Number of protein chains: 2
Amino acid sequence: MRRLKMIISYDGTDFSGYQVQPGARTVQLEIEKVLQMMHKNELVKITASGRTDARVHATGQVIHFDTPLTIPPERYMKALNVQLPRDIRVLHCEEVAPDFHARYSVSGKRYRYIWCTAAVQSPFRRHYTTETNGVKPDVKKMREAAQYILGEHDFSCFCAANTSVQDKVRIVKSITIDFHGDELHMAIEGNGFLYNMVRIIAGTLWEVGIGKRTPQNVQKIIESKDRKLAGKTAPPNGLYLEHVYY
Amino acid sequence: MRRLKMIISYDGTDFSGYQVQPGARTVQLEIEKVLQMMHKNELVKITASGRTDARVHATGQVIHFDTPLTIPPERYMKALNVQLPRDIRVLHCEEVAPDFHARYSVSGKRYRYIWCTAAVQSPFRRHYTTETNGVKPDVKKMREAAQYILGEHDFSCFCAANTSVQDKVRIVKSITIDFHGDELHMAIEGNGFLYNMVRIIAGTLWEVGIGKRTPQNVQKIIESKDRKLAGKTAPPNGLYLEHVYY
């Protein structure tokens, strides 16, 4: 048995998220279907760095699995890409030590959130950015608010209610907010993220950007540990899992 | 009655082309459905600069129609965009003289064809570029071949067999072929294009780029006026109607 690590990218538009669930088209299911074909119909379970929700994209998701096949990593990747649907691509494949674990070995993650602030959203970007109907936020205020999020905090306020996780303390290492043409990008890096944390932060900073709340209000939200005080959860189609650190 | 001219953009992926056809989702149908709602259920027929095939995109298609409504163009455009599906957007709207005709007044068109030459195609580009499985063509040879296409010619060789058009003489004003990162763009401008002409030219120049034929061969193809001598028709999803000149 060898353990393989793969970096994969997927367009979340037509998936009910990453994780297998009955009767739904998911990223995990599509990859395991192909691996099963490659392994004489034996199920090969894959493990990802974490799940992503329906319509959320990935440009740098990481998975691992064990295989008896001795195909070289480069050819393994090609074989998978030939069989996989076009909305999932394997970008990199390498053999790793048997103690590498795509989820438990994670030291950090980087996500990106993209809003389209053009007066008219390009039809080609409708699945890949969150439309703002031409509203342009105050980026300086968003950056000011982001400063309160940096560092180690109990982020209960930015965690979806329906979660089983007990320890909600995480470290946010950096948040950058910049315009790329008409599209506003928020890149956020941390040692780990709670369920919906990036989308709730994006939604809250957006409300700061459009003047619905002050930058200082974000500090109060964090101290309150109360999800109800934070902003709306931003839509999934603007979110990308960009990089997983090990 | 006023005549309105609109510049529209659409993602061709989920359309059976531009033109209305029984039981199919087309761009024309979606726009006429919305206009009908705006006109007390009266049919408002729209006219485009020309049709586009299934999966072909447009960033600068032009349509015109006549309307009794006195809504200012800017608000007319907004009203349409609110009702239209997200894969069609109106980018510009203006009132024009009653003798303006989106099709008959055309003086020229510009199309763009995009190939993705990356070793692994991004899942986000699968509907918007033609994959080459990492093959990188010889751009110099493609440009050399393009020189034979420039100017006024009978382009029967680059016209799909199933066409009713008699006069196949057209003027190709310019062809540029350039890499944008891993994506190869061909931009072509002319006074008019025959059915599938751009896709057959793209397919033929591609075959020159990968050494399947010589640049000089393209001259022979044009002289022959024989479609069978030209290259394969390139896939629709790499093609964009970019601009219509009047």
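Within the group B:Tyr148, B:Tyr195, which residue is aromatic (Phe, Trp, Tyr) and farther than 18 Å from B:Tyr111 by Cβ?
Details: B:Tyr195 fails: farther than 18 Å from B:Tyr111 by Cβ.
From the options B:Tyr148, B:Tyr195, the qualifying one is B:Tyr148.
If we scan segment A:178-201, do we find a residue that is assigned by TED's automatic domain parsing to the domain that holds A:Ala119, crowded, with 22+ Cβ neighbours inside 10 Å and among the hydroxyl-bearing types (Ser, Thr, Tyr)?
no
Looking only at segment B:159-174, count how many residues are small (Gly, Ala, Ser) and farther than 16 Å from B:Asp226 by Cβ. Explain how you work it out, then say what you get.
First, the residues of segment B:159-174 that are small (Gly, Ala, Ser): B:160-161, B:164, B:174.
Applying the additional criterion that residues be farther than 16 Å from B:Asp226 by Cβ yields B:164, B:174.
Total satisfying the criteria: 2.
Test A:Val120 against the stated conditions and say whether it is assigned to a loop (DSSP other than H, G, I, E, B) and in the same structural domain as A:Gly203 (by TED's automatic domain parsing). Don't jump to the end; show me each part of the working.
Values: assigned to a loop (DSSP other than H, G, I, E, B): yes; in the same structural domain as A:Gly203 (by TED's automatic domain parsing): yes.
It is true that A:Val120 is assigned to a loop (DSSP other than H, G, I, E, B) and in the same structural domain as A:Gly203 (by TED's automatic domain parsing).
Does A:Tyr113 satisfy the criteria of being hydroxyl-bearing (Ser, Thr, Tyr), surrounded by 16 or more Cβ atoms within 10 Å (Cβ to Cβ) and either closer than 21 Å to A:Met197 by Cβ or not assigned by TED's automatic domain parsing to the domain that holds A:Met186 (or both)?
Details: hydroxyl-bearing (Ser, Thr, Tyr): yes; surrounded by 16 or more Cβ atoms within 10 Å (Cβ to Cβ): yes; either closer than 21 Å to A:Met197 by Cβ or not assigned by TED's automatic domain parsing to the domain that holds A:Met186 (or both): yes.
The answer is yes for A:Tyr113.
Please pick out the residue among A:Thr214, A:Thr163 that is open to solvent by 20 Å² or more (accessible area, probe 1.4 Å), within 28 Å of A:Ala118 (Cα to Cα) and not small (Gly, Ala, Ser).
Working: A:Thr163 fails: within 28 Å of A:Ala118 (Cα to Cα).
Going through A:Thr214, A:Thr163 in turn, the sole match is A:Thr214.
Say whether the condition of being more than 14 Å from every other protein chain (Cβ to nearest Cβ), in contact (Cβ under 8 Å) with a residue 24 or more places away in the chain, in a strand (DSSP E or B) and not small (Gly, Ala, Ser) is met by at least one residue in segment A:137-160.
Within segment A:137-160 (the criterion being more than 14 Å from every other protein chain (Cβ to nearest Cβ), in contact (Cβ under 8 Å) with a residue 24 or more places away in the chain, in a strand (DSSP E or B) and not small (Gly, Ala, Ser)), the answer is yes, since at least one residue qualifies.
Out of the residues in segment A:42-72 meeting the condition of being touching a strand residue (DSSP E or B) at 6+ places or on another chain (Cβ under 8 Å) and within 14 Å of chain B (Cβ to nearest Cβ), tell me which one is most open to solvent (accessible area, probe 1.4 Å).
Checked segment A:42-72; the qualifying residue most open to solvent (accessible area, probe 1.4 Å) is A:Thr59.
A:Val172 fails exactly one of the following numbered conditions: (1) free of Cβ contacts under 8 Å to residues at least 24 places away in the same chain; (2) in a helix (DSSP H, G or I); (3) touching a Phe, Trp or Tyr at 6+ places or on another chain (Cβ under 9 Å). What is the number of that condition?
(2)
Please count how many residues of segment A:78-125 are free of Cβ contacts under 8 Å to residues at least 40 places away in the same chain and more than 14 Å from chain B (Cβ to nearest Cβ). First the steps, then the outcome.
Keep residues of segment A:78-125 that are free of Cβ contacts under 8 Å to residues at least 40 places away in the same chain, which gives A:78, A:81-82, A:86, A:99, A:104, A:119-124.
Pick out the ones that are also more than 14 Å from chain B (Cβ to nearest Cβ) and you get A:99, A:104.
Number of matching residues: 2.
The values are calculated or read from the model by the stated rules, or taken from the named source; none is laboratory data. Owing to the predicted nature of the structure, the values given are computational and were not obtained by experimental measurement. Neighbour counts run over all protein chains shown; Cβ positions are idealised from the backbone, glycine included. When the accessible area is computed, the model is the full protein with side chains, heavy atoms only, and any ligands, DNA or RNA have been set aside. Shrake-Rupley method; radii C 1.70, N 1.55, O 1.52, S 1.80 Å.
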